[in-house]
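Please read the structure below before turning to the comments.
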Amino acid sequence: MKDCIFCKIINGELPCSKVYEDDDFLAFMDIQPVNKGHVLVIPKIHKESIVDLDDNLVKKLIIVGNKINKAIRKSDIKSDGVNFFLADGEAAGQEVFHVHLHLIPRFEKDGFGFTFPEGYVDKPERDELEQIAQKIKSNV
Ligand code: AMP
Ligand code: ZN
C-alpha cells in the first residue's frame, strides 16, 4: 500500500531495526518504545485489520509474537513480564492501519497500564453477562 509506513518499512523505503523476518512476517523495534525492547510484529501483506487477515497468518502472528516474547525474556532487557497488545480500530488505539502486534516488556512501576472506566469495580449480574455472551455467541 503506497501511503502505509509499515509497507514502506517492508519494502525498504523506510529504515527499521529488524529483529526477525520470514516469508510472511517482519518484527522490528518500535520507534517510540513504551519500555526498552518494545517490538512490533507485522504481516508482510497489507491488511488494515486483523479481521481481514487469513486465519493461518493470525496463528502465525501469535507464534512469531511468542518467539519474540521468548527472545526478550532470554535477553538482559529489563522485563518481568510481556504484554501482547493489538489495537484493532481507531477507537481501540490503532494509529497505523497495517495490522501489528506489540510486544511490550513490563516490570513493576514502569508507569504503563490501562485506565479503567468509572464503575469498573462493580461486577455486573450474571444475567447481564449471559445476555451479552449470547450476542457474541450467536455471531461466532
Ligand atoms: P498503534 O497505536 O497500535 O497503531 O501503534 C503504532 C506504533 O507504531 C506506535 O507504537 C509507534 O511508535 C510505532 N511506529 C510508528 N512509526 C514507526 C516507525 N517508522 N518505525 C517503528 N515504529 C513506528
Ligand atoms: Zn501496509
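Table for the structure above
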read-out	value
Orphan Cys of the chain, criterion: no other Cys C-beta under 4.7 Å	Cys16
Under 5 Å, built H, 5+ apart or other chain: amide partners of Val19	Ala27, Phe28, Met29
Distance violations [Cα-Cα > 27 Å] among Lys8/Lys60; Lys47/Lys67; Lys18/Lys59; Lys47/Lys78; Lys2/Lys70; Lys47/Lys74	Lys47/Lys78; Lys2/Lys70; Lys47/Lys74
P(r) of the stretch 22-140 over all Cα-Cα pairs, binned every 5 Å from zero, in whole percent	2, 10, 16, 17, 16, 15, 12, 8, 3, 0
Loop sites in the stretch 7-56: GluC sites (Glu not before Pro), DSSP, at most 14 other Cβ within 10 Å	Glu13
Percentage relative contact order, the stretch 5-114, counting C-alpha pairs under 8 Å, at least six apart	28 percent
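Laboratory data are not the source of any read-out in this text; all were calculated from the coordinates shown. No experiment lies behind these values; they were computed from the predicted model shown. We place every Cβ from the backbone using ideal geometry, glycine too, and count neighbours over all the protein chains shown.
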